[in-house]
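The values are calculated or read from the model by the stated rules, or taken from the named source; none is laboratory data. Fair warning: this is a prediction, and the values are worked out from it, not measured in the lab. All Cβ positions, glycine included, derive from the backbone under ideal geometry; neighbour counts span all protein chains shown.
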């Protein structure tokens, strides 16, 4: 958007937005708090039935997350998406765990 004949100076190509209901993002992903992520997975493991696919996938996710390799963990999550999007998992997962998983799966 170019604004001509204004008193805004260098507003063009900046993060300043004129209008209603605009959303401005800087395109920078927040870092994953791996310690908190691991803690949330451990908590989840205590709540899931041990014979469930969600438990097995979460246990493997805990091991994968120890690498702190965002790409590797994201690949694992995408491969096991049914377990991490199931009703059982979704109903028990904390908001922090759910948000981190979404961020990793969808590169948010």
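General observations
Every residue, every condition in (1) buried (at least 20 other Cβ atoms within 10 Å of the Cβ); (2) under 17 Å from residue 56 (Cβ atoms); (3) out of contact with any helix residue (DSSP H, G or I) (no Cβ under 7 Å at 6 or more places or on another chain), yes or no:
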| site | (1), (2), (3) |
| --- | --- |
| 68 | no, no, no |
| 72 | no, no, no |
| 82 | no, yes, yes |
| 85 | no, yes, yes |
| 89 | yes, yes, no |
| 94 | no, no, no |
| 97 | yes, yes, no |
| 101 | yes, yes, no |
| 105 | no, no, no |
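- Test for residue 57: is it on the phi < 0 side of the Ramachandran plot, buried (at least 16 other Cβ atoms within 10 Å of the Cβ) and modelled with pLDDT of 90 or more: yes
- Filter result (in a helix (DSSP H, G or I) and under 14 Å from the mean Cα position of the chain (by Cα)) within segment 91-108: 95, 96, 97, 98, 99, 100, 101, 102, 103, 104, 105, 106
- Scanning segment 44-67 for residues that are in contact (Cβ under 8 Å) with a residue 40 or more places away in the chain, under 15 Å from residue 80 (Cβ atoms) and part of a helix (DSSP H, G or I) yields a single hit, 44.
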